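Only one structure is covered here, and it is reproduced in the block below.
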Amino acid sequence: MTEIVILGAGYAGLAAAVQLAARTRHDDTVQVTLVNATDRFTERLRLPLTATGQQVADLRLPGLLAGTGARFEPGWVTAIDLAARTVTLDDRKITFDILVYALGSVADTAAVPGADEHAYTLNSFDDAAVLAGRLAGASDVVVGGAGPTGVESAAEIASRFPHLTVTLVGRHEPGAAMHPMARAHLRAALDRLGVRTVRAEIRKVLPDGVHLDGGTLPADLFLWAGGTRVSPLAAAMTTDPRGRIVTDAALRSVSHPFVYAVGDAAAIRQPYGIMHGTCQSGMPTGVHAALSILRELNGKQPRAFRFGYYHTPVSLGRRDGVVQFTHGDDSPRRLYLTGRLAARYKEIVTASPWPTYRRMRRMPASAAFWPRGKRA
Ligand SMILES: Cc1cc2nc3c(=O)[nH]c(=O)nc-3n(C[C@H](O)[C@H](O)[C@H](O)COP(=O)(O)OP(=O)(O)OC[C@H]3O[C@@H](n4cnc5c(N)ncnc54)[C@H](O)[C@@H]3O)c2cc1C
């Protein structure tokens with residue numbers, strides 16, 4: 001019996017689990033086990049909605065895996081012993097022959113003094129729900145980090161709670177990586193929603209404010225969306241300076257080739273550089289790891305993973321948005337969408353993973369079926 005254990009049921013880990021389960025359903029010599037902190041599938045792309053009190057679907061992992069032969073094992077991973085090939089979950093151990101490491105990332109609250117103590121994050125459904133409970137009683141909200149997550153969060157908060165003062169603080173202008181016209185639309189939408197933007201370095205988070213280079217902003221609620229970090233568990237393998245597991249071309253750990261690393265937790269090199277964590281790239285890494293494992297079980301060499309980005313969709317409340325289409329290396333093309341069409345596009349993208357997983361249970365993705373992206 002070959003035991004394949006997948007750690008983490010985010011976008012990447014779940015893609016690997018469903019793909020493996022679908023393809024080994026009738027194989028008595030392979031057992032697939034998916035481990036996750038909770039039995040809920042967290043749609044991280046919808047966490048700004050949860051954070052502003054909007055209902056989202058309650059998606060459960062055991063139901064998705066039912067009938068596939070794969071096991072779901074709830075628990076918090078506390079240790080990985082690569083020599084013994086065991087994983088410790090809370091107070092019990094499970095063994096593996098092949099591991100898929102997909103523990104994702106969380107907001108890096110260690111990046112700014114005071115953020116650990118005073119910042120809210122969108123790491124999990126529960127974190128977002130806690131924020132929702134606090135927003136109604138707040139008055140000055142500061143969102144730290146002007147990347148897509150910060151922009152979406154600030155826009156969602158401002159459109160749901162128009163009485164709040166919402167300030168978005170970032171090192172760069174919001175939409176900095178977009179085509180100038182797309183960026184101008186994003187900027188105008190934030191203005192219309194009343195989101196004030198400040199370009200500054202955040203030096204310290206205080207209980208009632210945020211200390212910037214040029215002064216202090218009042219804040220009775222601070223949301224940190226200014227960068228991510230990965231679990232220290234990855235340090236059992238060779239990691240890059242950001243703590244992500246360094247992989248070979250087939251997504252295997254360079255130090256421990258019986259471990260595949262996918263999604264945000266992996267440092268995956270492409271011709272244009274190391275990939276950055278997104279849902280759009282995370283799902284294909286999970287599918288590729290599954291296909292590679294199956295090739296290895298059949299005595300074949302796994303193939304190299306190749307990925308090119310194709311878009312950056314950003315919602316600006318429920319009725320507006322910007323979709324920046326990109327070159328494979330994530331640089332902006334001239335093509336972009338704005339307004340309601342962009343909001344609709346973003347919603348289709350956000351809603352697509354769960355039906356894709358459900359479809360994959362019956363019709364596993366093949367290399368040809370799954371979009372591998374364009375060459376950079
Ligand atoms: C608010 C927000 C909005 C975003 N919007 C977009 C977007 O619009 N487009 C886009 O492409 N990307 C977006 N992202 C980024 C995207 O969500 C991530 O790149 C993606 O979730 C990474 O997938 P993953 O499977 O690698 O990890 P994750 O989705 O982080 O999943 C990791 C899983 O592992 C579990 N886990 C972690 N540690 C443990 C442990 N020790 N024990 C047990 N379980 C554990 C977690 O509970 C989680 O289920 C957004 C992120 C956030 C936070």
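Answer with yes or no whether residue 87 is touching a Lys or Arg at 6+ places or on another chain (Cβ under 9 Å), farther than 30 Å from residue 151 by Cβ and crowded, with 19+ Cβ neighbours inside 10 Å.
yes
Among the residues in region 269-278, are any crowded, with 17+ Cβ neighbours inside 10 Å, at pLDDT 95 or above and more than 11 Å from the ligand (Cβ to nearest atom)?
Taking every residue of region 269-278 in turn, at least one turns out to be crowded, with 17+ Cβ neighbours inside 10 Å, at pLDDT 95 or above and more than 11 Å from the ligand (Cβ to nearest atom).
Residue-wise test of (1) touching a helix residue (DSSP H, G or I) at 6+ places or on another chain (Cβ under 7 Å); (2) surrounded by fewer than 19 Cβ atoms within 10 Å (Cβ to Cβ).
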| residue | (1), (2) |
| --- | --- |
| 148 | no, no |
| 153 | yes, no |
| 157 | yes, no |
| 182 | no, no |
| 191 | no, yes |
| 201 | no, yes |
| 208 | no, yes |
| 222 | yes, no |
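Return the pair list, or none, for Cβ contacts closer than 6 Å from residues in region 99-113 that are more than 7 Å from the ligand (Cβ to nearest atom) to residues that are of a type in the set (Lys, Arg), at least 6 apart or on different chains.
Here the result reads 108/229; 113/204, each pair linking region 99-113 to a residue that is of a type in the set (Lys, Arg).
Every residue in region 120-149 that is over 19 Å from the mean Cα position of the chain (by Cα) and outside any helix (DSSP H, G or I), please.
Hits for region 120-149 are 136, 137, 138, 139, 140, 141, 142.
Mind checking which strands (runs of 3 or more DSSP E) fall wholly inside region 206-290 and carry at least 3 residues that are under 25 Å from residue 76 (Cβ atoms), in contact with a strand residue (DSSP E or B) (Cβ under 9 Å, 6 or more places away or on another chain) and in contact (Cβ under 8 Å) with a residue 40 or more places away in the chain?
228-230, 259-261
If you go through region 10-47, how many residues are more than 8 Å from the ligand (Cβ to nearest atom) and in contact with an Asp or Glu (Cβ under 6 Å, 6 or more places away or on another chain)?
The number of residues fulfilling the criteria is 2.
Of these, 328, 317, 286, which one is buried (at least 16 other Cβ atoms within 10 Å of the Cβ), touching a Phe, Trp or Tyr at 6+ places or on another chain (Cβ under 9 Å), outside the structural domain of residue 249 (by TED's automatic domain parsing) and not hydrophobic (A, V, I, L, M, F, W, C)?
On inspection, the qualifying residue turns out to be 328.
The values are calculated or read from the model by the stated rules, or taken from the named source; none is laboratory data. In this text the structure is predicted, and so the values were computed from the model without any measurement. A quick note on method: Cβ atoms are made from the backbone with ideal geometry, for glycine too, and the neighbour counts reach across all protein chains shown.
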